[in-house]
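Step one of this worksheet: look at the structure below.
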Amino acid sequence: MLSRVADNLYWFSRYIRRAENTARLVGVSGQLQLDLPRSARFAWRPLVETVGAADAFAKLYPDSADSASEADVVRFLLVDPGNPLSLRGSVRNAREILRTIRDTLPQEVWEAVNDIHLYIDEHGERGLGRRYRLDFINHVIDGCLRVSGLLTANVSRDVGYQFLRLGTALEQADMTTRIIDAGSSGLLRARSGEDEEAFRAMQWMSVLRSLAAYQMYRRHVRQRVTPELALRFLLQNDQFPRSVLFCLSRGITILPSMPSRDAVGASLKRVLDLVRKADPVKLAKGDPRPFMDQLQRGFGSLHDTIHEAYFRT
Amino acid sequence: MDWGKYRSSSWDELIQADGRPRPAARPLVEYLAGLSGRELAERQVAADVAARVMGVTFTVYTEGRNVDRTLPFDLIPRVIERREWERTEAGLRQRIRALNLFIGDIYGEQKIVRDKVFPGALLKESVNFRKQCVGVKPPLGVWAHICGSDLVRDAAGTLYALEDNLRIPSGVSYMLENRLVAKRVFPELFETSTILPVDAYPSQLYDTLAALSPRPGDTPVIALLTPGIYNSAYFEHCYLAQSMGIELVEGGDLFVDDDDCTYMRTVYGPQRVDVIYRRVDDLFIDPEVFHPESVLGVKGLIRSWRAGKVALANAPGAGVADDKVVFAYVPKMIRYYLGEDAILPNVPSYLCSEKKDRDYVLAHIHELVVKPANESGGYGMLIGPRATKRQHEQFRKLVLANPRNYMAQPTLSLSTAPIITDQGPQPRHLDLRPFVLSGRDIHVTTGGLTRVAMKRNSLVVNSSQGGGAKDTWIVDLDEVA
């Protein structure tokens with residue numbers, strides 16, 4: 001397996017997973033907004049931070065700052081050419097990468113990615129408005145899942161496949177913390193104190209939904225949604241495939257099928273320890289965001305170690 | 001489909017001058033005659049969709065972005081009878097044997113120059129002669145492992161060799177894909193006629209490359225070196241690498257170590273490479289030896305090749321015989337090296353370096369096709385009968401300024417075959433590019449890639465200039481009950 005190809009496989013799966021999570025986040029946020037009573041206001045701006053694109057946003061919409069409008073944020077996250085981290089940008093990156101490794105993956109994967117790309121080009125503008133947004137988003141999510149399905153069903157379990165899995169796992173762990181981050185930033189601005197607790201529950205339900213986790217949460221936790229329980233589920237559940245713990249544990253199971261590099265295992269275990277030792281009760285009481293940032297830094301250094309160990313030979 | 005009004009002003013591959021189909025094409029022509037315009041249009045749409053879905057594209061770089069274009073594909077196959085093809089195939093085998101002996105001789109003792117069969121002066125001015133190759137003895141004595149020869153037929157029906165592409169000929173993937181499309185669209189015909197298959201090519205190419213390995217015995221590590229996604233033939237590079245199961249590499253994936261061996265950068269660490277099917281031009285292949293600024297190549301690759309640690313196909317320097325002036329000497333080479341007469345005639349050629357020929361060219365420039373020695377893709381040439389007086393004058397000056405760089409050929413009225421148009425079947429000019437593999441054995445593709453000018457009366461079939469393709473059928477009449 002060429003280092004360049006491994007690098008591209010890893011990033012290809014990251015971008016596909018990122019696109020899917022971005023689509024979900026925007027879709028669920030729009031739904032939440034519809035459910036809100038008139039006394040509450042939905043803050044769109046924190047979604048921009050989710051994808052780590054605050055600077056690009058400020059450049060494109062210098063006037064909107066804190067009170068960013070739904071239209072601006074949705075456009076920015078979905079299709080804005082000025083945002084390299086938009087849904088369209090992620091799909092385009094995935095496609096450009098795939099062009100260079102077309103010989104490695106089955107032809108259908110190229111067709112599937114090309115379909116999403118063409119679909120976004122054709123329907124992206126129309127998909128911004130509330131009327132068609134959900135259709136648009138669901139179509140893109142389906143497309144991304146089709147790619148994941150093709151990879152799972154049709155790709156040989158060689159070392160290249162391990163890089164695909166590693167990319168997906170790391171991207172999902174990262175996106176999960178980012179969506180928790182956004183959920184903790186007070187998406188909802190209650191206009192009176194008594195609504196606040198009810199809103200917090202709605203908000204965490206929305207976070208769970210953004211991660212396709214709501215139904216699984218209900219089945220596993222069997223209690224109404226509270227910040228502590230939602231956080232525990234998304235960080236530490238060992239059976240839900242988008243929880244941080246699950247993704248990192250999967251990383252541990254992947255490593256033995258890859259060329260052995262001690263630094264990668266060590267880096268992975270460090271961040272896994274952080275997750276295991278986290279106390280959701282304490283996090284929910286205070287502000288969970290610094291911890292999410294700490295995890296993201298851990299993922300960053302894990303990525304650097306992987307890059308150094310496998311892609312820069 | 002109505003053949004009633006179909007008439008070609010040239011030799012037609014499917015329909016005789018009397019309007020009746022040629023014997024090998026009869027089942028096809030009758031089948032097409034039975035289809036309504038709508039059925040035909042449906043099949044053309046199906047073919048276009050199939051081509052797009054299969055991703056048959058070539059890349060055009062325009063306005064700062066690369067666009068994948070689908071090669072226009074015409075449904076109606078070009079048909080050649082098996083017995084005629086066998087003669088052609090024998091001619092191609094003979095040609096490539098002589099060409100490989102010639103290249104080896106040129107970089108070796110140069111007997112052909114000493115014996116005054118080939119003028120040494122031509123070498124001095126050849127832009128494709130590589131002094132770095134002098135004295136190298138590549139495995140099996142083969143330099144041009146993959147050759148794409150362009151064949152054309154004139155109005156009298158004679159098939160000629162027009163040129164031999166010995167550097168990095170492309171197009172074979174379209175030949176293979178065209179057949180898949182044709183099978184999807186005309187399954188009935190494949191059941192009732194004996195159309196010889198074309199799909200042996202990837203395994204023959206693999207065997208040809210594997211035989212060059214400097215480490216016989218082990219399973220060789222083979223890679224296809226591509227200039228990358230911006231190259232117009234990138235689709236083909238992927239396609240071939242995939243169908244042979246070999247690595248597709250870019251220059252940055254390879255390096256040559258102090259032991260002169262060539263290695264790939266892999267996730268396991270460096271892995272030695274035995275054979276490289278390179279689709280990067282000579283001059284970009286090694287910045288240590290050629291263009292120092294090239295980022296497409298691999299530093300030290302020529303050193304590794306000269307040391308016999310890695311095999312390159314085609315060998316660097318093979319292009320010395322891929323020169324439109326050298327081309328004119330191929331019949332003499334066949335006689336000199338093989339003691340045989342050429343089976344496949346050359347298109348008659350006038351060499352501007354020879355005074356007699358040059359005078360003829362200058363006097364008859366309005367009837368001739370004048371070509372520079374080392375251009376490909378149909379660039380930089382003059383089609384006399386289609387050009388203006390001013391262009392004639394301009395080319396006379398070019399020829400006089402650098403006679404070695406020009407040769408001329410009579411303007412052949414290329415043969416035609418029908419393509420589907422809104423006005424029914426219409427004749428279009430075409431050529432044929434068979435691919436010839438040389439290693440331990442010689443393999444010739446069954447037919448080859450038929451390139452067709454999609455514009456009426458146009459003689460230019462290159463894909464970069466709006467040409468399209470057809471499936472090519474070698475039909476065995478003896479098998480028909």
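The values are calculated or read from the model by the stated rules, or taken from the named source; none is laboratory data. Remember, predicted model here, so these are calculated numbers, not experimental data. In this analysis, Cβ positions are derived from the backbone assuming ideal geometry, glycine residues included, and neighbour counts consider all displayed protein chains.
Annotation note: of B:PRO427, B:PRO403, B:PRO434, B:PRO385, the sole residue that is in the same structural domain as B:ARG358 (by TED's automatic domain parsing) and either at positive phi or out of contact with any His (no Cβ under 8 Å at 6 or more places or on another chain) (or both) is B:PRO403. Any residue at all in the stretch B:388-399 that's in contact (Cβ under 8 Å) with a residue 60 or more places away in the chain, surrounded by fewer than 22 Cβ atoms within 10 Å (Cβ to Cβ) and outside any helix (DSSP H, G or I)? So far as the stretch B:388-399 goes, no, none of its residues is in contact (Cβ under 8 Å) with a residue 60 or more places away in the chain, surrounded by fewer than 22 Cβ atoms within 10 Å (Cβ to Cβ) and outside any helix (DSSP H, G or I).
Checking each residue in the stretch B:185-215 for being in contact (Cβ under 8 Å) with a residue 60 or more places away in the chain and assigned to a loop (DSSP other than H, G, I, E, B) picks out B:PHE186, B:SER193, B:THR194, B:LEU196, B:PRO197, B:VAL198, B:ALA200, B:ALA211, B:LEU212, B:SER213, B:PRO214.
If you go through the stretch B:234-269 and keep only what is assigned to a helix (DSSP H, G or I), more than 19 Å from A:ARG312 (Cβ to Cβ) and either more than 7 Å from every other protein chain (Cβ to nearest Cβ) or not polar (S, T, N, Q) (or both), you end up with B:TYR234, B:PHE235, B:GLU236, B:HIS237, B:CYS238, B:TYR239, B:LEU240, B:ALA241, B:SER243, B:MET244. Among the residues of this structure, A:GLY251 counts as one that is more than 16 Å from the chain's Cα centre (by Cα), in contact (Cβ under 8 Å) with a residue 40 or more places away in the chain and more than 29 Å from A:ARG45 (Cα to Cα).
Inside the stretch B:142-189, can you point out the residues that are aromatic (Phe, Trp, Tyr), surrounded by fewer than 23 Cβ atoms within 10 Å (Cβ to Cβ) and modelled with pLDDT of 90 or more? Selection gives B:TYR160 alone. Applying the condition of being surrounded by fewer than 21 Cβ atoms within 10 Å (Cβ to Cβ) and closer than 13 Å to B:SER458 by Cα to the stretch B:400-432 and asking which residue is farthest from the chain's Cα centre (by Cα) yields B:GLN426.
Return yes or no: is B:PHE395 of a type in the set (A, V, I, L, M, F, W, C), assigned by TED's automatic domain parsing to the domain that holds B:ILE168 and either at pLDDT 90 or above or within 17 Å of B:LEU351 (Cβ to Cβ) (or both)? Criteria not met by B:PHE395. Of the helices (runs of 4 or more DSSP H) lying entirely inside the stretch A:256-313, those carrying at least 1 residues that are touching a residue at least 60 places away in the same chain (Cβ under 8 Å) and over 28 Å from A:ARG4 (Cβ atoms) are A:289-306. Tell me, yes or no, whether the stretch A:243-251 has at least one residue that is within 14 Å of chain B (Cβ to nearest Cβ) and assigned to a helix (DSSP H, G or I). No, that holds for no residue. In contact with a Ser or Thr (Cβ under 8 Å, 6 or more places away or on another chain) and either within 14 Å of another protein chain (Cβ to nearest Cβ) or touching a residue at least 60 places away in the same chain (Cβ under 8 Å) (or both), is that true of B:ARG272? Yes; evaluated as a whole, the condition is true for this residue. Each residue in the stretch B:311-345 was checked for being under 20 Å from the mean Cα position of the chain (by Cα), under 16 Å from B:GLY141 (Cα atoms) and part of a helix (DSSP H, G or I), and 4 pass. Kindly indicate the residue of the stretch A:283-304 that is crowded, with 19+ Cβ neighbours inside 10 Å and out of contact with any Lys or Arg (no Cβ under 7 Å at 6 or more places or on another chain) and also farthest from the other protein chains (Cβ to nearest Cβ) among those meeting that condition. Across the stretch A:283-304, the extreme among qualifying residues is A:ALA284. Please list, ordered by first then second residue, the pairs with beta carbon atoms under 7 Å, 6 or more apart or interchain, first in the stretch A:98-110 and at the interface with chain B (Cβ under 8 Å from one of its Cβ atoms), second outside any helix (DSSP H, G or I). So the pair list comes out as A:ARG99/B:ILE229; A:THR100/B:ILE229; A:ASP103/B:LEU248; A:GLN107/B:GLY55; A:TRP110/A:ARG102; A:TRP110/B:GLY55. Residue-level check: of (1) surrounded by 15 or more Cβ atoms within 10 Å (Cβ to Cβ); (2) touching a Ser or Thr at 6+ places or on another chain (Cβ under 7 Å), B:TYR230 misses just (1). When each of A:TYR132, A:TYR119 is tested for being touching a His at 6+ places or on another chain (Cβ under 9 Å), away from every other protein chain (no Cβ under 14 Å) and farther than 18 Å from A:ARG146 by Cβ, the lone residue that passes is A:TYR132. Among the residues of the stretch A:54-104, just one is surrounded by fewer than 21 Cβ atoms within 10 Å (Cβ to Cβ), within 20 Å of the chain's Cα centre (by Cα) and polar (S, T, N, Q), namely A:ASN93. Just wondering, is there one or more residues in the stretch A:185-206 that are small (Gly, Ala, Ser), touching a residue at least 12 places away in the same chain (Cβ under 8 Å) and more than 27 Å from A:SER67 (Cα to Cα)? No, the stretch A:185-206 contains no residue that is small (Gly, Ala, Ser), touching a residue at least 12 places away in the same chain (Cβ under 8 Å) and more than 27 Å from A:SER67 (Cα to Cα). Of all the numbered requirements in (1) in contact (Cβ under 8 Å) with a residue 60 or more places away in the chain; (2) surrounded by fewer than 21 Cβ atoms within 10 Å (Cβ to Cβ); (3) part of a loop (DSSP other than H, G, I, E, B); (4) more than 19 Å from the chain's Cα centre (by Cα), B:ASP218 misses one, and that requirement is (1).
Would a scan of the stretch B:291-302 turn up a residue that is outside any loop (DSSP other than H, G, I, E, B) and on the phi < 0 side of the Ramachandran plot? Within the stretch B:291-302, one or more residues are outside any loop (DSSP other than H, G, I, E, B) and on the phi < 0 side of the Ramachandran plot. Counting only helices (runs of 4 or more DSSP H) wholly contained in the stretch A:1-89, the ones carrying 3 or more residues that are on the phi < 0 side of the Ramachandran plot and within 14 Å of chain B (Cβ to nearest Cβ) occupy A:3-35. Scanning the stretch B:445-473 for residues that are over 29 Å from B:MET381 (Cα atoms) and crowded, with 24+ Cβ neighbours inside 10 Å turns up just one, B:TRP473.
Of the helices (runs of 4 or more DSSP H) lying entirely inside the stretch A:120-222, not one contains at least 1 residues that are at positive phi and buried (at least 22 other Cβ atoms within 10 Å of the Cβ).
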